[in-house]
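Let me begin by presenting the structure, written as structure tokens, before commenting on it.
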Amino acid sequence: MKATAIAHPNIALVKYWGKRDAELNLPATGSLSWTFGPMRTRTFVEWTSGGVDAGTSADRIRFDGEVATGRDAARIARFLDMVRSRRPELGAATVVTDNDFPTAAGLASSAAGFAALALAATSAAGLNLEPHELSVLARRGSGSAARSLSGGFVRMHRGENPDGSDAYAEQIFGADHWPLRMLVALTTTGRKAVSSTVGMNRTVDTSPYFDAWTREVPLQLEAATRAIEARDFEAVAAVAEHSACAMHASALAARPAVIYWKPATLAVMHLVTELRAAGTPAFFTIDAGPHVKVITAPDAAELVESALRDIDGVVDVIPAGPGGDAQLVT
Ligand code: DP6
């Protein structure tokens, strides 16, 4: 009744931003991501048997060496309840999860976290879910987690079914298809002010640009898929930068505005634009935080890293490369 799994984070090249159903965590649009490593989350789960009394929370959850409390613990316990609902004889769980990267670094820790938890918790429970079912379950923990179960380039489907059974992610190209590099330019220390869930919900509820955003995403998905298939760097750069800027534009127009950028965020965006104009393959993308992820080619990574380090306000640069599938480990 125990298992350990690892999963890598992913970065969306076409962003997920907005839900069509908050309870089932159904995305308003599809999305497309690249899974990266070597950073990873490692999660151990052990179940007791005998069921649990409704309304009690006997799960023991440790996160990066400390007992998890508050919102983080509640989110994990709720996810464990979903696994228990499939197998009522399961009792309380012990969960021990560790990231080998700073949780506050904006590296989509909830994506790798819920992917590893979904795999470890179901496998420890003896539920051998098909990849599609496992992705649907991981999505309930965090939308982006559905994508971290697979390595390489991954497409998340919006789905049409009200129960979310067709809102899942699948690999479209393997990690070896295109061995890109990424440099994460950290522009602050500490946790972000507005979580992605809160930021996207406020955008859905109040931004006049949200509908425009959802209408355009299907075109971005097609363009990104074609560009990745052809390994056309310029074309991926164009669609990924546009997707990130359009996502942030919709958030900026929310009430009150959701502003994730810091001065150094913009400085990095300008630097990357200049580098690309001068012939260096590099493009930026930004999630729900102030850090900038710069995607580049292996032979340009050194140059891009040193240019990023020279920017005032960039506190660190973390290099990354392709990441593989989530997997069970011993
Ligand atoms: C900006 O997957 O963290 O990183 O489903 O509410 O947990 P929840 O949201 P989450 O949102 C990710 C938003 C994003 C874009 C992306 O990864 O596609």
Odd one out for Asp163, checked against (1) buried (at least 18 other Cβ atoms within 10 Å of the Cβ); (2) at negative phi: (1)
Go through region 188-204 and report how many residues are within 16 Å of the ligand (Cβ to nearest atom) and either part of a loop (DSSP other than H, G, I, E, B) or touching an Asp or Glu at 6+ places or on another chain (Cβ under 9 Å) (or both). 6
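Working carefully through the options Thr48, Thr29, Thr4, find the one that is in a strand (DSSP E or B) and either within 27 Å of Ile318 (Cβ to Cβ) or within 16 Å of the ligand (Cβ to nearest atom) (or both). Give the steps one after another, and end with the answer.
On the way: Thr48 fails: either within 27 Å of Ile318 (Cβ to Cβ) or within 16 Å of the ligand (Cβ to nearest atom) (or both); Thr29 fails: in a strand (DSSP E or B).
Only one candidate passes the filter, namely Thr4.
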Going through Ala230, Ala253, Ala249 one at a time, which residue ends up being small (Gly, Ala, Ser) and either closer than 16 Å to Trp178 by Cβ or touching a helix residue (DSSP H, G or I) at 6+ places or on another chain (Cβ under 7 Å) (or both)? Ala230
If you scan region 7-24, which residues turn out to be assigned to a strand (DSSP E or B), more than 8 Å from the ligand (Cβ to nearest atom) and either surrounded by fewer than 18 Cβ atoms within 10 Å (Cβ to Cβ) or among the basic types (Lys, Arg) (or both)? Arg20, Asp21
Among the residues of region 205-232, which ones are of a type in the set (Lys, Arg) and part of a helix (DSSP H, G or I)? Arg215, Arg226
Selected residue (criterion: surrounded by the fewest Cβ atoms within 10 Å (Cβ to Cβ)) from residues of region 102-123 that are assigned to a helix (DSSP H, G or I), among the aliphatic types (A, V, I, L, M) and within 16 Å of the ligand (Cβ to nearest atom): Ala104
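Per-residue answers, yes or no, for (1) touching a residue at least 40 places away in the same chain (Cβ under 8 Å); (2) hydroxyl-bearing (Ser, Thr, Tyr); (3) farther than 22 Å from Ser109 by Cβ; (4) touching a strand residue (DSSP E or B) at 6+ places or on another chain (Cβ under 6 Å):
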site: Glu229; (1), (2), (3), (4): yes, no, yes, no
site: Val236; (1), (2), (3), (4): yes, no, yes, no
site: Ser243; (1), (2), (3), (4): yes, yes, no, yes
site: Ala264; (1), (2), (3), (4): yes, no, no, no
site: Ala288; (1), (2), (3), (4): yes, no, no, no
site: Val292; (1), (2), (3), (4): yes, no, no, yes
site: Thr296; (1), (2), (3), (4): yes, yes, yes, yes
site: Asp299; (1), (2), (3), (4): no, no, yes, no
site: Ala307; (1), (2), (3), (4): no, no, yes, no
So the check is Cβ under 8 Å with 6+ separation or different chains; which pairs have a first residue in region 201-213 that's without any contact (Cβ under 8 Å) to a residue 40 or more places away in the chain and a second one that's hydroxyl-bearing (Ser, Thr, Tyr)? Ala212/Ser250
Run Ala145 past the list (1) more than 18 Å from Asn10 (Cβ to Cβ); (2) within 15 Å of the ligand (Cβ to nearest atom); (3) of a type in the set (A, V, I, L, M); (4) crowded, with 20+ Cβ neighbours inside 10 Å and report the number of the one that doesn't hold. (1)
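Run down Ser207, Ser150, Ser195 and say which single residue is more than 21 Å from the chain's Cα centre (by Cα) and polar (S, T, N, Q). Don't jump to the end; show me each part of the working.
Values: Ser150 fails: more than 21 Å from the chain's Cα centre (by Cα); Ser195 fails: more than 21 Å from the chain's Cα centre (by Cα).
Going through Ser207, Ser150, Ser195 in turn, just one is more than 21 Å from the chain's Cα centre (by Cα) and polar (S, T, N, Q): Ser207.
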Output the number of the condition that Pro290 fails; it satisfies all remaining conditions of (1) in a helix (DSSP H, G or I); (2) within 16 Å of the ligand (Cβ to nearest atom); (3) surrounded by 16 or more Cβ atoms within 10 Å (Cβ to Cβ). (1)
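Can you tell me how many residues within region 293-328 are in contact with a Gly (Cβ under 6 Å, 6 or more places away or on another chain) and not in a loop (DSSP other than H, G, I, E, B)? Even if it seems obvious, please write down each step before you answer.
Restricting attention to region 293-328, the residues satisfying the condition of being in contact with a Gly (Cβ under 6 Å, 6 or more places away or on another chain) are 323-325.
This time we only want the ones that are not in a loop (DSSP other than H, G, I, E, B), so: none.
Total meeting the criteria: 0.
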Which of the numbered conditions does Gly126 fail, given that it passes all the others? Conditions: (1) in contact with a Lys or Arg (Cβ under 9 Å, 6 or more places away or on another chain); (2) surrounded by fewer than 19 Cβ atoms within 10 Å (Cβ to Cβ); (3) modelled with pLDDT of 95 or more; (4) part of a helix (DSSP H, G or I). (4)
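The values are calculated or read from the model by the stated rules, or taken from the named source; none is laboratory data. From a predicted model like this one, the values you see are computed outputs, not experimental measurements. Because the Cβ atoms are built from the backbone with ideal geometry, glycine has one as well, and the counts that use them run over all protein chains shown.
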